[in-house]
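K.L.:
Okay, handing you the structure first.
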Amino acid sequence: MADAAADVQAIHFERAMHSFDAARTAKPEDAEAHRQYALLADYFKLYAKAAQSWERVLELQPGDPGAWDGYFHALRWAGTTEMDRRHGEKLLHVLPDALRTASQRPELFGNAQEAAAELGRLEDYNAVLMNRRKAEVDNPVFLHHFGVAQVALADLETGHRSRDLKDEIRTELDELAAQYRDTTEVAAPILYRLAAGFDFLGSGAEADFWLSRLLAAPDRGVLAEGLYYWDLARKFQTLFRTVRGDPLATESMNELSRIIGEGMTSPRLIQRAAWVFRRASVAKALAEQSMAKESMEGNDPIPAAAEPQRPEFPPEHAESLFGTVMDQITWRTPGRISSLSWLPTTESNRREFGRRRLNWRRGSAPTVRATDLPAGARRGSVPGSPQ
């Protein structure tokens, strides 16, 4: 494993994956062992193995909507990363079965449509939804994704069909919004349709209004997850583009910190890893700003024979950058950790960073908690110690 000496978190997760593999081999009827293995295989991007394990979970617990979510995610990405059409074909083949159990799961539709688009089978995907439409006439989640699928298919055709479909969706949403805007208690699926629908149409203010209500809904379940974290990512990018230029005001920096903190509460392991990377990007940008300021302030003449002056690292930025880089390593963020080689090259900075890294590597490995697993992991289960 790359960077195995430092990548203690990944070592724990990898050991956990082997432990659950042993558990599911010893007890093939243990659906939970297969589920935990699938979650960790997905984290390590072993999508084909994750799909096989989710398939076994569904054989044992066919009515589990969360397992259908995981299965479709694994099949979609196995097809993409391995460039193997069979995974996507299998997804479309079992889609009717999935809809009978998991038609209230937004992620299922997203993965199904992406897989169909990659296979050039959007028409077949629409046909499956059309056949299911009568049974889902009272399901706002299904109705939203049915409309999105119709627009996607129309986009492939000539004429104004796509625009007309969007106009129809907007009319339906406007009527629905007028009906529920002043209603105190609204079912989460209806709020989801309004938030997701207006977001799809690019009506940001309306989408934000209904998303805020969805987040406050006691029955929101998984309906808010995708919308909420994509919204956070967009807001992060907007602020981060600014911080890479001029320093942000205190209020904006506080908002950026809040967004990162919220992102780190994502129930999915891989999403939290992405927010670790974003946090490190901010720390690096702030460190660069602090060094640029220090460099500009040192304008005194330098003797010709003297070693060129290098700006010192302000301690608070050195501490922040060090911590976030170490987090990147422990979360095993894909790609090289370039921030380590970027650090300033003054002797004092090198010594300080080396001291901190040595202390960190000598420290005890962090304990992997049940909360470190994605949503759906067994409450109380600890990777490496399957029950």
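K.L.:
Could you tell me whether the range 54-65 includes any residue that is under 14 Å from L269 (Cβ atoms) and modelled with pLDDT of 90 or more?
P.N.:
no
Every residue, every condition in (1) closer than 30 Å to T171 by Cβ; (2) within 21 Å of the chain's Cα centre (by Cα); (3) in a helix (DSSP H, G or I), yes or no:
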site	(1), (2), (3)
I190	yes, no, yes
A196	yes, yes, yes
S212	yes, yes, yes
E255	no, yes, yes
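K.L.:
Inside the range 205-244, can you point out the residues that are within 23 Å of R105 (Cβ to Cβ), of a type in the set (D, E, K, R) and crowded, with 17+ Cβ neighbours inside 10 Å?
P.N.:
R213, R220, E225, D231
K.L.:
Of all residues in the range 68-80, count the ones that are of a type outside the set (F, W, Y) and touching a Phe, Trp or Tyr at 6+ places or on another chain (Cβ under 6 Å).
P.N.:
The total comes to 3.
K.L.:
Separate question: Anything in the range 214-253 that is within 20 Å of the chain's Cα centre (by Cα), assigned to a loop (DSSP other than H, G, I, E, B) and either over 18 Å from G263 (Cβ atoms) or not aliphatic (A, V, I, L, M) (or both)? List them, or say none.
P.N.:
Of everything in the range 214-253, those that are within 20 Å of the chain's Cα centre (by Cα), assigned to a loop (DSSP other than H, G, I, E, B) and either over 18 Å from G263 (Cβ atoms) or not aliphatic (A, V, I, L, M) (or both) turn out to be R220, G221, L223.
K.L.:
A further question follows. Which residues, counting only those in the range 68-112, are in contact (Cβ under 8 Å) with a residue 60 or more places away in the chain, of a type in the set (G, A, S) and under 20 Å from P189 (Cα atoms)?
P.N.:
Scanning the range 68-112 gives a single hit, G110.
The values are calculated or read from the model by the stated rules, or taken from the named source; none is laboratory data. Here the structure is a predicted model, which means the values were calculated and not measured. Heads up, the Cβs are rebuilt from the backbone with ideal geometry, glycines too, and the neighbour counts pull from every protein chain shown.
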